[in-house]
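What follows is calculated from the coordinates using simple rules that are stated; it is not laboratory data. Keep in mind that what you see is a predicted model, and the values were worked out from it rather than measured. Ideal geometry is used to build each Cβ from the backbone, glycine not excepted, and the neighbour counts take in all protein chains shown.
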Amino acid sequence: MTRPPNPATKTGRAQIAKQSRRHGYFHNRDTFTIAVNCPLCSERVSGDQPGYGESVTKALDALMNTHLLHNCPKGPQQP
């Protein structure tokens, strides 16, 4: 049995971001935004669509990383 990824570590946050992308992401071309659901708290994390030539995967990972560090109720900053 494997342990769940630890959001307090960089490797754990990368694994969580990969899990969230695996469950699907949202791309709204009308408002130029992308979003992904957090697997820990089920909150939808959204942000601006990446520019031309930029990776959507990297943008989604950055959104999830920021969410885990600052906004997620189950993130490492919470007691």
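Compute the projected area of the convex hull of the Cα atoms of the chain, averaged over all viewing directions, and report it in nm² to one decimal place.
Numbers: hull surface 22.6 nm².
Reported value for the Cα convex hull: 5.7 nm².
List the residues, sorted by chain then number, that are 5 or more residues from N6 or on another chain and whose placed amide H is less than 5 Å from its amide H.
So N6 has HN proximity to G12.
How high is the relative contact order of the chain, in percent, with contacts defined as C-alpha pairs under 8 Å that are six or more residues apart?
Working: 97 pairs, mean separation 21.1, N = 79.
Over the chain, the number comes to 27 percent.
Helix 10-22 sits at what angle to the longest principal axis of the chain, using alpha carbons and giving 0 to 90 degrees rounded to 10?
With rounding to tens, the tilt is 50 degrees.
Given a Förster distance of 22 angstrom, what is the FRET efficiency for T2 paired with S42, based on the Cβ-Cβ distance and rounded to 0.05?
Values: r = 21 Å, r/R0 = 0.96.
With a Förster radius of 22 Å, E is 0.55.
Could you compute the net charge surrounding C72? Neighbours are other residues with a C-beta less than 13 Å from the C-beta of C72; K and R count +1, D and E count -1. Before the final figure, lay out the partial values.
Numbers: positive: R13, R44, K74; negative: E43.
Residues near C72 contribute +2 overall.
Tally Lys/Arg at +1 and Asp/Glu at -1 over every other residue whose Cβ is under 13 Å from the Cβ of N6; what's the total? Write down the numbers at each step before the final one.
Values: positive: R3, K10, R13, K74; negative: none.
Surrounding charge for N6 is +4.
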